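Participant: Quick one: this structure, given as structure tokens, is what I'll be asking you about.
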Amino acid sequence: MPPQNEDLSARIIGMERAALDRWCDGDPSGFLEIYAADIVYFDPIQPCRLDGLPALQAYYESLRGTIHADRYELIEPRVQLGSDTAVLTFNYVSYPGEELNRWNCTEAYRLQSDGQWRIVQTHWSRTGGKPSDEAARKEAVSSWIIGMERMALDRWCKSDPSGYLEICAPDVVYFDPFQPGRLDGLPALQAYYESLRDEIKIECCEMIAPFVQVGSDMAILTFNCLTYHGEESTRWSCTEAYRLQSDGQWRIVQTHWART
């Protein structure tokens, strides 16, 4: 291989490895920053191809903070070069705790007009046995639920409670340490949340160790949350019960916030 090709292969592999390092820490931005605008994407969780950076960004944001691997192996990476394309293939093994996950990956990179190499096609597939349809369903539901919660929290921190109100069912019930009793139903919760609109002062928050237990039509999300306002910080625990509605949407039917 000519030296210039060796250099480019090493550069492509280095870009992929740097993105994977961040991915294993729950940060998908390492990949989002090296995707082209017209990226197309396959993985075994999505029912069809994702087209374009906005679609993939929405999907990855739903996963932010939920992915963790103590270590990984990028096995036998190989780059095949064209005049303005580079196709990277490799096997990938991740180790989240005591588990082991094996994957095949193909990434197609294209040389952009600005001289940067960007990914235009990604295809991930599992190896070592296909997960059951039920396992894949639970994984997809977990990712979706955590993504919904994270987006609602982001809006809450900006003094906008509508992110939560939009994903609550009409029969939602609610506990927090400021209310003397349970709030029953969306109108009661809406009245309470509207009294807080523009009064919430949170500079940033961390959603810590979210975990979803998925049933046939219910999903229970539990997590810790750390909020920051100036030099103050507050720790919370939260339980959210989501129910699959008749229209196919997941909605919150129970919320319980407590200080820790």
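Participant: Applying the selection to segment 105-127, what residues are surrounded by fewer than 16 Cβ atoms within 10 Å (Cβ to Cβ) and either among the hydroxyl-bearing types (S, T, Y) or not assigned by TED's automatic domain parsing to the domain that holds L8 (or both)?
Facilitator: Within segment 105-127, T106, S113, S125, T127 meet the criteria.
Participant: Output yes when any residue across segment 4-19 is in contact with a helix residue (DSSP H, G or I) (Cβ under 7 Å, 6 or more places away or on another chain) and either under 30 Å from I146 (Cα atoms) or of a type in the set (A, V, I, L, M, F, W, C) (or both), and no when none is. Outline the logic, then answer.
Facilitator: Taking segment 4-19 first, the residues in contact with a helix residue (DSSP H, G or I) (Cβ under 7 Å, 6 or more places away or on another chain) are 18-19.
Subset that is either under 30 Å from I146 (Cα atoms) or of a type in the set (A, V, I, L, M, F, W, C) (or both): 18-19.
Looking for residues that are in contact with a helix residue (DSSP H, G or I) (Cβ under 7 Å, 6 or more places away or on another chain) and either under 30 Å from I146 (Cα atoms) or of a type in the set (A, V, I, L, M, F, W, C) (or both), one finds at least one in segment 4-19, hence yes.
Participant: Taking the condition among the basic types (K, R), over 20 Å from S29 (Cα atoms) and not assigned by TED's automatic domain parsing to the domain that holds L221, does R102 pass?
Facilitator: Values: among the basic types (K, R): yes; over 20 Å from S29 (Cα atoms): yes; not assigned by TED's automatic domain parsing to the domain that holds L221: yes.
Taking the combined requirement at face value, the residue satisfies it.
Participant: Can you give me the number of residues within segment 70-89 that are under 30 Å from C225 (Cβ atoms) and either out of contact with any helix residue (DSSP H, G or I) (no Cβ under 8 Å at 6 or more places or on another chain) or at pLDDT 90 or above (or both)? Lay out the reasoning, then the answer.
Facilitator: From segment 70-89, those under 30 Å from C225 (Cβ atoms) are 70-72; that's our starting set.
Those left that are additionally either out of contact with any helix residue (DSSP H, G or I) (no Cβ under 8 Å at 6 or more places or on another chain) or at pLDDT 90 or above (or both): 70-71.
So the count comes out to 2.
Participant: Tell me the strands (runs of 3 or more DSSP E) entirely within segment 27-96 that contain at least 3 residues that are in contact (Cβ under 8 Å) with a residue 24 or more places away in the chain and under 13 Å from the mean Cα position of the chain (by Cα).
Facilitator: Numbers: elements: 35-42, 71-81, 85-95.
Result: empty, no element qualifies.
Participant: Considering only segment 144-234, give the strands (runs of 3 or more DSSP E) lying wholly within it that have at least 3 residues that are in contact with an Asp or Glu (Cβ under 6 Å, 6 or more places away or on another chain).
Facilitator: Values: elements: 168-175, 204-214, 218-229.
Output list reads 218-229.
Participant: Buried (at least 17 other Cβ atoms within 10 Å of the Cβ) and over 26 Å from D27 (Cα atoms) - does that describe any residue in segment 194-214?
Facilitator: Within segment 194-214, the subset buried (at least 17 other Cβ atoms within 10 Å of the Cβ) is 205, 207, 210, 212, 214.
Of the ones still in play, those that are also over 26 Å from D27 (Cα atoms) are none.
No, there is no match, as no residue in segment 194-214 is buried (at least 17 other Cβ atoms within 10 Å of the Cβ) and over 26 Å from D27 (Cα atoms).
Participant: Can you tell me how many residues within segment 187-238 are among the aromatic types (F, W, Y), out of contact with any Ser or Thr (no Cβ under 6 Å at 6 or more places or on another chain) and within 30 Å of E139 (Cα to Cα)? Break it down stepwise before answering.
Facilitator: Here is the first cut: in segment 187-238, the ones among the aromatic types (F, W, Y) are 192-193, 211, 223, 228, 236.
Of the ones still in play, those that are also out of contact with any Ser or Thr (no Cβ under 6 Å at 6 or more places or on another chain) are 192-193, 223, 228, 236.
Among the residues that remain, those that are also within 30 Å of E139 (Cα to Cα) are: 223, 236.
Qualifying residue count, segment 187-238: 2.
Participant: (1) surrounded by 13 or more Cβ atoms within 10 Å (Cβ to Cβ); (2) within 23 Å of the chain's Cα centre (by Cα): which one isn't true of L100, the others all being true?
Facilitator: The one condition L100 does not meet is (1).
The values are calculated or read from the model by the stated rules, or taken from the named source; none is laboratory data. Given the structure is predicted, the values throughout are model-derived calculations rather than measurements. Because the Cβ atoms are built from the backbone with ideal geometry, glycine has one as well, and the counts that use them run over all protein chains shown.
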